[in-house]
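Below: the structure, in structure tokens.
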Amino acid sequence: MDIEYVRSRFIKHFDGTTGSVYASPGRINLIGEHTDYNGGFVFPGAVDKGMIAEIKPNGTNKVRAYSIDLKDYVEFGLNEEDAPKASWARYIFGVCREMIKRGVDVKGFDTAFAGDVPLGAGMSSSAALESTYAFAINELFGDNKIDKFELAKVGQATEHNYCGVNCGIMDQFASVFGKEGSLIRLDCRSLEYQYFPFKPEGYRLVLVDSVVKHELASSAYNKRRQSCEAAVSAIQKKHPHVEFLRDCTMEMLQEAKAEISEEDYMRAEYVIEEIQRVLDVCDALERGDYETVGQKMYETHYGMSKLYEVSCEELDFLNDVAFDCGVTGSRVMGGGFGGCTINLVKNELYETFITNAKERFKEKFGRSPKVYDVVISDGSRKLV
């Protein structure tokens, strides 16, 4: 991301002076998909793509915001009834409101921002935007009195209360807490977290974007949550201490098999196995064993495709290409029904894999996938 470019736009659109510049990253999730609402673990990391914003208090009670990428300018006040209509501006407005609710005396400011998180690729550009403004407002108006965990919750609450998205905490958490060379295991039940080394020398992390998004995602997502809850209800009859699938073993699920549908059984089987895979990957990273990490990624893809049934033809195809090219690990990343595969690729196989993926995908689907190299990087911070 180019600080000077953002700064030049800020100077042009406001009074010619400069403010402070802040940044927050997008994120990947190496493994641990659909585990969050089952009380399990996720394993994200911040990436070297994100949002940059220049911000300067303007002595009024109005925010004047310019989206450099959209070439759009919006002004809004800081009271609840002042919510802007532009969807991008609602993220900034929501963060201001959530910080006010937490006792920060937010005043008006001028701001211009831009990002290089690819939209729709599942790297959470919205969380990067929320985290940037939460971090900046905390410093500029709050004397840094809000802790980092609460800043992540500010972003989550912005999604819930101002953008109509009932998301979990992972995206904002990874954006705020990211650390170069480390992934973060977050316990979605206790919210305890731990850093694990991710320094894959000799390997590259690359996303291959199918450029497809299927419409049934939200209804299918709700249906899978219901399947997980049905399995838990059946298991609780013999094991009343069970609260989430996180608490279940495959033996417990097997005992309840006769009481739930085959579909519910498959969904629960995937989740129980996926929660264990996150722990296995953490152990492997501590040993520097990237071959096991890759194997677990393939197992996750199989589970998401065949048991949880949230993959699609394009993603399965990309996963097969990765396997054929000898890629160490590959899986669908995110909730499914489109988006990217995340791939752990040996340096010497990288060019062959990318060429194959592009050519074979275009031959089959009539369009080229997009490719994004990512490096695990730091979280929210002030740049200048």
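The values are calculated or read from the model by the stated rules, or taken from the named source; none is laboratory data. What you see is a predicted model; the values in this text were computed from it and never measured. We place every Cβ from the backbone using ideal geometry, glycine too, and count neighbours over all the protein chains shown. Ligands, DNA and RNA are excluded from the accessible area calculation, which covers all protein heavy atoms including side chains. Shrake-Rupley method; radii C 1.70, N 1.55, O 1.52, S 1.80 Å.
Here are a few things to note about the model shown:
- Hits in region 236-265 - residues which are within 28 Å of residue 183 (Cβ to Cβ) and open to solvent by 30 Å² or more (accessible area, probe 1.4 Å): 243, 244, 246, 247, 249, 250
- Among the candidates 70, 78, 119, 129, residue that is free of Cβ contacts under 8 Å to residues at least 60 places away in the same chain and in contact with a Gly (Cβ under 8 Å, 6 or more places away or on another chain): 78
- A count restricted to region 6-46 and to residues that are more than 24 Å from residue 378 (Cα to Cα), under 19 Å from the mean Cα position of the chain (by Cα) and open to solvent by 10 Å² or more (accessible area, probe 1.4 Å) stands at 2.
- Selection status of residue 311, over 22 Å from residue 36 (Cα atoms), among the polar types (S, T, N, Q), under 20 Å from the mean Cα position of the chain (by Cα) and open to solvent by 10 Å² or more (accessible area, probe 1.4 Å): no
- Tally of residues being hydroxyl-bearing (Ser, Thr, Tyr), open to solvent by less than 70 Å² (accessible area, probe 1.4 Å) and either in contact (Cβ under 8 Å) with a residue 12 or more places away in the chain or under 21 Å from residue 42 (Cβ atoms) (or both) across region 220-235: 1
- Condition check for residue 192: open to solvent by 20 Å² or more (accessible area, probe 1.4 Å), in contact with a strand residue (DSSP E or B) (Cβ under 9 Å, 6 or more places away or on another chain) and more than 17 Å from residue 42 (Cβ to Cβ): no
- Which listed residue, of 332, 345, is over 19 Å from the mean Cα position of the chain (by Cα) and closer than 26 Å to residue 26 by Cα: 345
- Test set (1) under 16 Å from the mean Cα position of the chain (by Cα); (2) surrounded by fewer than 22 Cβ atoms within 10 Å (Cβ to Cβ); (3) not hydrophobic (A, V, I, L, M, F, W, C) - residue 338 fails condition number: (2)
- Scanning region 180-215 for residues being without any contact (Cβ under 8 Å) to a residue 12 or more places away in the chain and among the hydroxyl-bearing types (Ser, Thr, Tyr) gives a total of 1.
- Within region 112-168, the set of residues being within 15 Å of residue 102 (Cα to Cα), in contact with a Lys or Arg (Cβ under 9 Å, 6 or more places away or on another chain), crowded, with 20+ Cβ neighbours inside 10 Å and among the polar types (S, T, N, Q) comprises 138, 158.
- Residue tally, condition on the phi > 0 side of the Ramachandran plot and either of a type in the set (S, T, N, Q) or touching a helix residue (DSSP H, G or I) at 6+ places or on another chain (Cβ under 9 Å) (or both), over region 175-215: 3
- The number of residues in region 102-147 that are over 25 Å from the mean Cα position of the chain (by Cα) and among the charged types (D, E, K, R) comes to 5.
- Taken over region 322-342, residues that are at pLDDT below 95 and part of a loop (DSSP other than H, G, I, E, B) amount to 4.
Per-residue answers, yes or no, for (1) closer than 30 Å to residue 195 by Cβ; (2) among the aromatic types (Phe, Trp, Tyr):
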| residue | (1), (2) |
| --- | --- |
| 272 | yes, no |
| 279 | yes, no |
| 287 | yes, no |
| 291 | yes, no |
| 297 | yes, no |
| 302 | yes, yes |
| 318 | yes, no |
| 322 | yes, no |
| 325 | no, no |
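- Checked across region 269-288, the condition of being buried (at least 23 other Cβ atoms within 10 Å of the Cβ) and among the acidic types (Asp, Glu) holds for at least one residue.
- As for region 359-373, it holds at least one residue that is modelled with pLDDT of 95 or more, closer than 11 Å to residue 208 by Cα, of a type in the set (A, V, I, L, M, F, W, C) and in a strand (DSSP E or B).
- Any hit, region 345-363, residues being open to solvent by 20 Å² or more (accessible area, probe 1.4 Å) and touching a Leu at 6+ places or on another chain (Cβ under 7 Å): no
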